[in-house]
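All of the numbers you see were taken from the coordinates with simple rules; none came from a lab. No experiment lies behind these values; they were computed from the predicted model shown. Positions of Cβ are backbone-derived with ideal geometry, glycine not excepted, and every protein chain shown enters the neighbour counts.
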Amino acid sequence: MRCLIATDIHSNIEALEAVLEDASDLGCDTYLCLGDVVGYGASPRETLAVVRERFDVVVRGNHDAAAIDEAESFRFNEYARAAIDWTRDRLNPGELRYISSLSVTEHVDGVRLVHGSPDDPAGWHYIKDTMGASYQFEAFDEQICLIGHTHVPLVVSLAGGTVREETDTLVRLRPNMRYMINVGSVGQPRDDDPRAAYGVLDLEAGSLELRRVRYPAKRARRKILEAGLPEFLGERLLDGV
Ligand code: ZN
């Protein structure tokens, strides 16, 4: 199985289309999404349509949850709340039903999928570093857990009780090691690199590649401004913060 991994697309159809185009000749047979399909960006309906058509497994993120239940946005900052309220008003019943159907945890061929953390997938905790990841390995049985939520790539391995960060963009996955993998955000990267982030996980070959692709961020920003969404949500796309 060769998987395309995408997370935190956040209604950024320009970034999603660039990722799918970039991946089109990489031979991925399974498309996995770690949640936050909507929120922040100006194209929730277009993004949902493409995700529903192209992705095989999708888990629910905190912004997806807040799109169907306002109470889930209680910890959101003012920008996130403004955008999710705007989003909720634009989705039709079928789209809201689709989001409702998503689970917070999925399992695919020896891989766990969650948006936040495997120990409490509906608690929306952030795994930001090796230390944070180290406590999570006992929360899942599979060799690999895919996560999202921070919008920053992070690959942490566990071997013989030693936890460490893998810093290469091409990681050879060892059968006797376990991994927590965040490929970074498609639609709102926050690691000072504005390019859309995604990953390719090849379970047979035992490899993970972290990829970046340029996309028309200025167009995504303009749509955010035209929609009347907070200016900051457009500006941050240009800087990747
Ligand atoms: Zn997110």
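Details
- Flag for Ser100 being of a type outside the set (D, E, K, R), within 24 Å of His125 (Cα to Cα), touching a helix residue (DSSP H, G or I) at 6+ places or on another chain (Cβ under 8 Å) and away from the ligand (no atom under 16 Å from the Cβ): yes
- Note on segment 52-79: residues that are within 15 Å of the ligand (Cβ to nearest atom), more than 19 Å from Ile147 (Cβ to Cβ) and either assigned to a helix (DSSP H, G or I) or out of contact with any helix residue (DSSP H, G or I) (no Cβ under 7 Å at 6 or more places or on another chain) (or both) amount to 4.
- Qualifying residue in segment 24-41 (condition: surrounded by 23 or more Cβ atoms within 10 Å (Cβ to Cβ), within 16 Å of the ligand (Cβ to nearest atom), over 12 Å from the mean Cα position of the chain (by Cα) and in a helix (DSSP H, G or I)): no
- Here is the figure for segment 187-235: residues that are assigned to a strand (DSSP E or B) and polar (S, T, N, Q) total 1.
- Options Pro189, Pro153; residue that is more than 13 Å from the ligand (Cβ to nearest atom) and either in contact with a Gly (Cβ under 8 Å, 6 or more places away or on another chain) or on the phi > 0 side of the Ramachandran plot (or both): Pro153
- Taking the listed residues Ala15, Ala49, the one that is farther than 16 Å from Trp124 by Cα, in contact with a Phe, Trp or Tyr (Cβ under 6 Å, 6 or more places away or on another chain) and assigned to a helix (DSSP H, G or I) is Ala15, with no other qualifying.
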